[in-house]
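Quick note: the coordinates plus some simple rules give every number you see, no bench work behind them. Nothing here was measured: the structure is a model prediction, and the numbers come from that model. Please note: Cβ atoms are built from the backbone with ideal geometry, for glycine as well, and neighbour counts cover all protein chains shown.
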Amino acid sequence: MLPTVTNYANSDGSVSQKNIDYYALRENLAAIIIEASYAHLMGKSFANQLGIESDDKIDGLSKISNVIHNNGALAGIQLAMNVKSKTINKLTILDIEDIQNSFVNAALRAKSSNFDIIEIHCAHGWLLGQFLSSYFNQRSDLFGGTLQNRFRLPLEIIGSIRHKLKDQVLSVRVNASDFVEGGIDLNESLMFAKELKNIGVDLISVSAGIKTFIHVSNAIYPKGFLLDFASQIKANTNLPTIAANRLNDFDIATLAIEQEKTDFVGLARSLIADPKIATKWQNGQLRSVVPCLNCNQECIANIGAQKQMSCLINPNPYSSKVFQQPFMYKRKVMVVGAGIAGLAFSVFAKKKGLNCIVFERQSKIGGQINLAYKPPYKQEFKKIIDYYTYEIQNLNIDVYTNIEVDTELIKSEKPDIVVFATGSTPYIPEFALNNEYALTADEVLEFGVPFDARCVAVLGGGLVGLETANFLANQGLSVSVFEMEDSLLKNTVEVLRLPILESLHSNIKVFLDHQLVNIENNTAIFQHENTLDKYTFDYLVLALGRRPNVDLINKINFCIDTINIGDCKRPHDVHAAICDAYNAAIML
Ligand SMILES: Cc1cc2nc3c(=O)[nH]c(=O)nc-3n(C[C@H](O)[C@H](O)[C@H](O)COP(=O)(O)O)c2cc1C
Ligand code: SF4
């Protein structure tokens, strides 16, 4: 398991129960290298990051290594410092000595905390990675300039640790390439790796990229696209390597080992999504793996926003609480809607021992996910439907499709409780109702645009609008996106926003600061800088948000327990729907 900052520690960097529970759940792994832990307070970058900068951390850290050992894995810890870009150029020689001592002392603490592997973080543009890279390092003293000088601090630190801890397994995480002009490239990285071998490093963990969306890449980058870097470093140094990044595909991971491209397959996000993935792979239970979608939405995006790590599909990566509280007595639960909220609820509830009967008015399960996976780079989302289809069969949950639930059906079923997961529908402003040229993004993703469409406007530059625009542009249409804000995805964190913008098709024109005020036939009218601007297209695609489906809920005028979950409570995203489902299952 690769290191992943969780932001679960106490605010003073000490180990919390959540840290311990999180690692205790991850099973059947060769080794778990725990998250980047700051070796010096100056290198702490997240409010609840784990620290190893003082002796009082040893007790807590020992508890983590202990639970990892209890699961039969080797315990590793990543020692790290993160500072703002180019801070290293201002460090004095005294600062550098202080940093050196901090890493060495942190390594001694790691040893005292019973970690088997000590990993030094020299990748991702963190402090030691900055020293290595000309992109950051503009020092003109012994620690900058020539390759030898840039390597100096990391090598001195790692050399000192090697000297003090002769029998300790030492790993170094490196960037095979910074993927930025002036940064480390494979050549330099190979030279660094050879130096690491010379000073007695045992293992190299190979990553790449200083931009987060490269080293924690989403589906825009192909699966296993960093694997060749690991094999180059392995071939040129003869050192064992750990490969990383989108290796969460059993076939790719197996082939990587069989073809000896790497010695170890490193997994990060897929272990957040499913702590038991290794066991399931080993037992050939591939369909039962809770799939990581490489969406980054709740894991690394949360870390960037200084929040605790979560997961789009696994709402509680540090606990299996829902399954530990069996229902005290049997109740009949009727679930209305087999979209993501209804499916997730019935699966959580069944795992807790409660039987649900699920009704869906459409012919298939999955609700909006059936549309969400259609745009380019979104195919991973189909795995959600595949996973729930498997779980529904595996757990023998009764799902009836093509049934429109009404109050009479609810009364005749006589449930003890009704869980409404009736979803949402696209918002259509009054002036666009019954307009033959206005289509919703849902309609476009489901049925495509009419055959005579060449030039379309997408009204709304949020996530759905941009994905739909990409979907259309990919089919050769000329697409214009109109957004009322002054930038696209204004409130979306960088790690999610940048790859989406980068992946926008070149056939898409973007109009910002355009507030839709009316639609007349195929002409959209916008308020823009105190004028009314009119644009005419073949068709207009509405991506203006959603409204909850509450018709049935509002008709309940008899006494019955009900819970609303997912979009019918508040239109939001997949994670919110799954969290609602999870919390409802816990509550029952
Ligand atoms: C939430 C999160 C936190 C991460 N924290 C670290 C870290 O502490 N140290 C590190 O070297 N890489 C970190 N990474 C990168 C991962 O170790 C890994 O290289 C990356 O996620 C790609 O592997 P994957 O496709 O298996 O997720 C983090 C990734 C995520 C998603
Ligand atoms: S949030 Fe998305 S990328 Fe992150 S672990 Fe969960 S499914 Fe994977």
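When both the stretch 63-113 and the stretch 404-459 are represented by their alpha-carbon centers, they are found 53 Å apart. Scalar couplings 3J(HN,Hα) for the stretch 172-183, obtained by applying the Karplus form with A = 6.51, B = -1.76, C = 1.60 to θ = phi - 60°, are 10, 8, 10, 8, 6, 7, 7, 6, 8, 4, x, x Hz; x denotes Gly and Pro. In the chain, a dipole from Cβ-located charges (positive for Lys and Arg, negative for Asp and Glu) runs towards its positive end, and of S480, I199, Q49 it is I199 whose Cα lies farthest in that direction. Packing here is the average count of other Cβ atoms within 10 Å per residue, and on that basis the peptides 71-83, 442-454, 516-528, highest first, run 71-83, 516-528, 442-454.
Which whole-angstrom value gives the distance between the alpha carbon centres of the stretch 256-287 and the stretch 115-130? Computed from Cα coordinates, the inter-centre distance equals 23 Å. Identify, among S424, T407, L439, the residue whose Cα sits farthest towards the positive end of the charge dipole of the stretch 398-500, taking +1 on the Cβ of Lys and Arg and -1 on the Cβ of Asp and Glu, with the dipole about the Cα centre. Farthest towards the positive pole: L439. Taking the average, over residues, of other Cβ atoms within 10 Å as the packing measure, peptides 203-216, 488-501, 41-54 rank 203-216, 41-54, 488-501 from highest down. DSSP beta bridges confined to the chain are antiparallel in about 20 percent of cases. Helix 58-70 and the longest principal axis of the C-alpha atoms of the chain enclose an angle of approximately 70°.
Report, in debye and to the nearest 20, how large the dipole of the stretch 430-544 comes out about its Cα centre when Lys and Arg carry +1 and Asp and Glu carry -1 on their Cβ.
240
So, counting K/R as plus one and D/E as minus one, what does the shell of residues with Cβ under 13 Å around D178 add up to? Could the numbers behind the result be given before it?
Numbers: positive: R150, K211; negative: E181, D185, E188.
Value of the local net charge: -1.
If you plug the beta carbon distance of D386 and K164 into 1/(1 + (r/R0)^6) with R0 = 45 Å, you get a FRET efficiency near 0.35. Helix 93-112 and the long axis of the chain differ in direction by around 80°, with both axes built from C-alpha atoms.
Every helix of 4 or more DSSP H residues in the chain counts as -39500 (n - 2.57), and over all residues that averages to -10000 deg cm²/dmol at 222 nm.
Between K414 and N101, full extension at 0.36 nm per residue minus the direct alpha carbon distance yields a gain of 105.7 nm. Summary value for the chain: 11 percent relative contact order, contacts being C-alpha pairs under 8 angstrom separated by 6+ residues.
Computed over neighbours whose Cβ is under 11 Å from that of A421, the net charge equals -2, Lys and Arg +1, Asp and Glu -1.
Extent along the principal axes, Cα only, for the stretch 361-501: 51, 37, 31 Å, with the longest axis given first. Please determine, in degrees from 0 to 90 and to the nearest 10, the orientation of helix 340-351 with respect to the longest principal axis defined by the Cα atoms of the chain, where the helix direction is its Cα long axis. Helix 340-351 sits at roughly 70 degrees to that axis.
Estimate the FRET efficiency between S478 and V517 by the formula 1/(1 + (r/R0)^6), using the beta-carbon distance for r and 22 Å for R0, to the nearest 0.05.
Efficiency, from the Cβ-Cβ distance: 0.40.
Using only side-chain charges placed at the Cβ, +1 for Lys and Arg and -1 for Asp and Glu, the dipole size of the chain relative to its Cα centre rounds to 1360 debye. Other residues whose C-beta falls under 13 angstrom from the C-beta of T6 contribute a net charge of +1, scoring Lys and Arg +1 and Asp and Glu -1. The Cα atoms of the chain cover 76, 63, 44 Å along the three principal axes, with the biggest extent listed first.
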